[in-house]
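A.B. asks: First, the structure itself, so that you have it in front of you.
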Amino acid sequence: MLNYITSYLDKTVQTTPGQAGNLFWALVYILFVFGGVSLAVVGMNWLERKILAHMQIRLGPMRVGPHGLLQPIADAIKLILKEDIIPANADVAVFWLAPLIILLAVFSVYCVVPFGPTHAITDMNIGILFMLGVSSLGVLGIVMAGWASNSHYPLIGALRSSAQMVSYEVAMGLAVVSAVLMTSLNPTGTGTLSMIGIVQAQYAQHVWFVFKFFPLGFIAFGVFAIAMVAETNRAPFDLPEAESELTAGFHTEYSGLRWSLFMLGEYGAMIAVSSIAITLWLGGWMRPFPNLLHGAAFDLAFSLFPALTFFGLAAMTFYSTAHMPKHPFFRLQTLGLGAFGALFALIGFILLIPQVFQRVQDIFWFIAKIAVFMYLFIWYRGTFPRYRFDQLMKVGWKVLLPVGLGVLVLTAIVGVMA
Amino acid sequence: MISSIIAAALVQTRPPADMQPVATPFFFYMLSGLMILGGLAVITRKNPVHSALALIVTLLGQAGLYLMLYAPFVAGVQIILYVGGIMVLFLFVIMLVNLERTQQEKSFNKQWVIGFAAAAALGVMFVSVYVKGRALFPELPVAPLEAENTQRIGNMLYGNYMFAFEIASLLLLVAIIGAVVMAKKRI
């Protein structure tokens, strides 16, 4: 038993637990990824409200905990305690199944997300195909939710959503194919669909695919970046849940825990599509300039980044702590904020231990890139007005699809010439 | 005591050195059972939406069987095309048509004799293929080509069978244009 567990930790095993066939570590990784994603969704919930509020010159949540830091927990408790209503004429089985299918689709995608060369649950040789296929199951959940509610707004929302997702999937697929094409530009001439293989191809070719054949890689990345916002039903493409027209779209009739499952699915899907974009175009887990700036000194300098990030967070938190109102009413909140700062500093110190940072630095870079994308999602929401439905379809079919096709053909031509 | 049992279980589930962990009979029977149940549900449910969902279960089971046959690419395409694309459009159409009438209609039209005859003929055909063509079925599992499965399919499609592939895609293009022409009065 103990042998079985430690056999994976052997230095010679340089592979993911799924490929090593080690059930125990695969389970550990699954739990880690599941917990991490759920935690990230909770964090995103708070960040989105705060960032949106500051963009609109408001304060956002301030009451529960210092700077509203405990607001997500309060929300979670509220949602769990809330009455779970199922409409009288709803199709109960389908109504019950729909959020589960969305969650299943979203979390299955994380099986192949490479957080590091060995930090993935498993690696498949159809990795990217698997991700696209499983994430396209999510639309099934949305359609089921809209139909089972037996109500007009959810049905219209579900129809809009499925039309939107099916049409943007085409542009998305074309952009992905042009990136996969770039992996085949090596002496053997064989590409790969495996997520880990794609990142390694970028390392071997000394360039992130977003900068490859400039501006072709960049345009493909742009097409994907637009399509992925539409795929996750986020603003400015959030027509399926346009408040002013459809109340809340396909999840109008959902309440309580089931509604929170939809939210978990939406934010989980955002992280999942961002990780596809990062893996395909932005070098996955690699730190900036792994080929150009290498050597012991640079390795050391870049390995300090995780700790420095957390020290920066701690410094910001302490600064805010010092600027809390001095009234005795705020004493508990000030102490809480100080505790948050201390926690960040503690994590920073732990990340300074060589054994720790050597193991987690690729995870750190991957998550840092995801964080940039998450901020972009919020930024879009704060900036762009919502599209009209015909404009949305026009952008999908008449702009993104031809551009994606053109980039694919040009990439193939340039690849053959090079 | 308990830990030794778990250890024994883990030792048993540990794959052999030549890595053939997926294709166990258990998964085959589970997936086949799922597919049969799904297929039965497709024809017995009165609500067409439930039938379509059962069909999706069947198609997913089929994707699992492809995986067991070491054809991951086909499995992925099966999920993307059938489950993600075609079945969503199916559901789309079914949800828009009036469901109340189909709820009252009888789903079976009492033609048991013909049904049984057709099923028996199909069964006899399966059995005879298995009995007569036994030589076609290999005794031992074929060496899996999982690692280069996708590459081989690519080589086949763009090499040996390029014309067939192009003709098929041309046919699909014609179908798309036909649909547009029929749906739109003024182009």
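A.B. asks: What single numbered condition from (1) within 14 Å of another protein chain (Cβ to nearest Cβ); (2) polar (S, T, N, Q); (3) part of a helix (DSSP H, G or I) fails to hold for A:THR15?
C.D. replies: For A:THR15, the exception is condition (3).
A.B. asks: For the range B:37-59, what are the residues that are in contact with a Ser or Thr (Cβ under 7 Å, 6 or more places away or on another chain) and assigned to a loop (DSSP other than H, G, I, E, B)?
C.D. replies: B:ARG45, B:LYS46
A.B. asks: Then there's this: Which of the residues spanning the range A:181-196 are in contact with a helix residue (DSSP H, G or I) (Cβ under 7 Å, 6 or more places away or on another chain) and either surrounded by fewer than 18 Cβ atoms within 10 Å (Cβ to Cβ) or in a helix (DSSP H, G or I) (or both)? Step through it out loud before you land on a result.
C.D. replies: Step one: of the range A:181-196, the residues in contact with a helix residue (DSSP H, G or I) (Cβ under 7 Å, 6 or more places away or on another chain) are A:181-183, A:185-186, A:190-195.
Within the range A:181-196, A:LEU181, A:MET182, A:THR183, A:ASN186, A:THR190, A:MET195 meet the criteria.
A.B. asks: State yes or no: is B:ALA9 under 26 Å from B:PHE90 (Cβ atoms) and either within 14 Å of chain A (Cβ to nearest Cβ) or at pLDDT below 90 (or both)? Spell out how you get there, then give the answer.
C.D. replies: Numbers: under 26 Å from B:PHE90 (Cβ atoms): no; either within 14 Å of chain A (Cβ to nearest Cβ) or at pLDDT below 90 (or both): yes.
Here the answer is no, as B:ALA9 does not meet what is asked.
A.B. asks: Consider the range A:64-74. How many of its residues are assigned to a helix (DSSP H, G or I) and touching a residue at least 40 places away in the same chain (Cβ under 8 Å)?
C.D. replies: Residues that pass the stated criteria total 2.
A.B. asks: Given (1) more than 10 Å from chain B (Cβ to nearest Cβ); (2) in a helix (DSSP H, G or I), identify the lone condition not met by A:ILE142.
C.D. replies: The one condition A:ILE142 does not meet is (1).
A.B. asks: Condition check: among the hydrophobic types (A, V, I, L, M, F, W, C) and in contact with a Leu (Cβ under 8 Å, 6 or more places away or on another chain). Does A:PHE24 satisfy that?
C.D. replies: Criteria met by A:PHE24.
A.B. asks: Which ranges mark the helices (runs of 4 or more DSSP H) fully within the range A:287-388 that have 1 or more residues being within 30 Å of A:LEU239 (Cβ to Cβ), under 23 Å from the mean Cα position of the chain (by Cα) and of a type in the set (D, E, K, R)?
C.D. replies: Because the criterion is at least 1 residues that are within 30 Å of A:LEU239 (Cβ to Cβ), under 23 Å from the mean Cα position of the chain (by Cα) and of a type in the set (D, E, K, R), the helices (runs of 4 or more DSSP H) in the range A:287-388 that meet it are A:354-383.
A.B. asks: Has the range B:143-153 got at least one residue that is over 30 Å from A:HIS152 (Cα atoms), modelled with pLDDT of 85 or more and not assigned by TED's automatic domain parsing to the domain that holds B:LYS46?
C.D. replies: No, the range B:143-153 contains no residue that is over 30 Å from A:HIS152 (Cα atoms), modelled with pLDDT of 85 or more and not assigned by TED's automatic domain parsing to the domain that holds B:LYS46.
A.B. asks: Of all residues in the range A:150-186, count the ones that are more than 10 Å from every other protein chain (Cβ to nearest Cβ), more than 24 Å from the chain's Cα centre (by Cα) and closer than 23 Å to A:MET124 by Cα.
C.D. replies: The qualifying residues number 2.
A.B. asks: Follow-up. In the set B:ILE86, B:ILE94, B:ILE79, B:ILE36, which member is within 11 Å of another protein chain (Cβ to nearest Cβ) and at pLDDT 85 or above?
C.D. replies: Working: B:ILE86 fails: at pLDDT 85 or above; B:ILE94 fails: at pLDDT 85 or above; B:ILE36 fails: within 11 Å of another protein chain (Cβ to nearest Cβ).
On inspection, the qualifying residue turns out to be B:ILE79.
A.B. asks: Since A:ALA93 meets every condition but one in (1) in a loop (DSSP other than H, G, I, E, B); (2) more than 15 Å from the chain's Cα centre (by Cα), which condition does it not meet?
C.D. replies: Just one mismatch for A:ALA93, condition (1).
The values are calculated or read from the model by the stated rules, or taken from the named source; none is laboratory data. Being a predicted model, the structure only gives us computed values, none of them experimental. No Cβ is skipped: glycine too gets one built from the backbone with ideal geometry, and neighbour counts run over all protein chains shown.
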